[in-house]
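Taking it in order: structure first as structure tokens, then the write-up.
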Amino acid sequence: MVRLRAPAFWSQPSAKIRPLLLSPFSAIVAAITARKQRQMGWTAPVPVLCCGNISVGGTGKTTVVLDLAERLLQRGKNPHILTRGYGGRLRATTRVNPAQHTAQDVGDEPLLLAQLCPVWVGADRAESARMAVAAGADCLLMDDGFQNPSLHKNLSLLVVDGGAGLGNGHVLPAGPLREQPLQAFARAQATVLIGPDKTGFQERFGKVASHLMRAGLRQSDTISVLQGQRCVAFAGLGRPEKFFEGLKNCNVALAQTVAFPDHYFYKQQDLARLADMAVSLQARLVTTPKDAVRLPEYFRHKVITVGVELVWQNPAAPEILLDQFLNEAAAG
């Protein structure tokens, strides 16, 4: 198996030569993104909240979307989620049906989200929004799509991983950023920094990152069944080390960790290898909910799934954010 990795210099602010050599290409990417943002998107008759990011790779957007969707449901709202469905083979705008669709059809994250509320996959966010509204949605959550101008957003929330920050601060391909940070922060109404701030993000960008909020991650209660047991942890995420570190912090004894590429579809030989590893090490297999939906059902029963949930530093912060989202949309 070939593991795709981001270039090491993407995470090194001290790197100079490679970003400099790639800077002409970065300027082109930044210019294209900036030009796209001047396009007018369709304005839905219901409020739209976008959870996006500036950098490529996993930042925790889906975890934030799940948290906000659950809060909206508790308020008696009927949120629908719009997402591209990365990795799925369906091209037409589709409402996700967990009883019918697989991760190969619609992607892994949509299947996970659809366990909570209706989810629509499709590259055309405006079309997805129209279909969701027609199906009864009274508010929309976008999982990614911050750089997609086809749908007007009433509120945009940027999600930043505290462990990775904004990498070396350069735009693709010189760095991991999709656009210039100052332009992104100017369009967003709020920013949430998840996890310990290991790169000094708050010091570097705290004054320009509008309405900065902090949150941590807590392992789900299922982790209690792993106490005192040896485990083989595997994950196909943008940053699988975050999952492994979370297990270690909960005193789970990791006999082995196995990292796969993000959104990886497991092959039979991968599953056989993991099963053999668990037997030889006398350990339990453990993975994430996002990985579990990509496993065949017969193998999923052999694996313990441990998810994460957000813990807001200020418990009132997400509720204030949703008040702003709903009230401003109503006033508009």
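From the list 46, 65, the lone residue that is modelled with pLDDT of 95 or more, under 18 Å from residue 153 (Cα atoms), buried (at least 22 other Cβ atoms within 10 Å of the Cβ) and in contact with a strand residue (DSSP E or B) (Cβ under 6 Å, 6 or more places away or on another chain) is 65. Scanning the stretch 28-36 turns up no residue that is touching a helix residue (DSSP H, G or I) at 6+ places or on another chain (Cβ under 7 Å), in a helix (DSSP H, G or I) and among the basic types (Lys, Arg).
Looking only at residues in the stretch 255-274 that are out of contact with any strand residue (DSSP E or B) (no Cβ under 7 Å at 6 or more places or on another chain) and either of a type outside the set (S, T, N, Q) or open to solvent by less than 50 Å² (accessible area, probe 1.4 Å) (or both), which one is farthest from residue 164 (Cα to Cα)? It would help to see each step written out before you state the result.
Keep residues of the stretch 255-274 that are out of contact with any strand residue (DSSP E or B) (no Cβ under 7 Å at 6 or more places or on another chain), which gives 265-273.
Now restrict to residues that are either of a type outside the set (S, T, N, Q) or open to solvent by less than 50 Å² (accessible area, probe 1.4 Å) (or both): 265-267, 270-273.
Numbers: 265: 25, 266: 26, 267: 29, 270: 28, 271: 30, 272: 33, 273: 30 Å.
Selected residue: 272.
Hey, any hits in the stretch 201-215 for a residue that's hydrophobic (A, V, I, L, M, F, W, C), open to solvent by 20 Å² or more (accessible area, probe 1.4 Å) and in contact with a Phe, Trp or Tyr (Cβ under 6 Å, 6 or more places away or on another chain)? Yes, the conditions are met somewhere in the stretch 201-215. Is it true that some residue in the stretch 14-30 is in contact with a Cys (Cβ under 6 Å, 6 or more places away or on another chain), touching a residue at least 24 places away in the same chain (Cβ under 8 Å) and of a type outside the set (A, V, I, L, M)? No - not one qualifying residue is present in the stretch 14-30. Of the helices (runs of 4 or more DSSP H) lying entirely inside the stretch 275-332, those carrying at least 1 residues that are closer than 26 Å to residue 46 by Cα and open to solvent by 30 Å² or more (accessible area, probe 1.4 Å) are 317-331.
Just so you know, in the stretch 226-254 the residues that are open to solvent by 40 Å² or more (accessible area, probe 1.4 Å), more than 25 Å from the chain's Cα centre (by Cα) and more than 20 Å from residue 271 (Cα to Cα) include one that is modelled with the highest pLDDT, and it is 253.
The values are calculated or read from the model by the stated rules, or taken from the named source; none is laboratory data. Since we're looking at a predicted model, the values are computed, not measured. Quick reminder, even Gly has a Cβ in these numbers, built from the backbone with ideal geometry, and neighbours come from all protein chains shown. The protein model used for the area step is the full one, side chains on, heavy atoms only, and it has no ligands, DNA or RNA in it. Shrake-Rupley method; radii C 1.70, N 1.55, O 1.52, S 1.80 Å.
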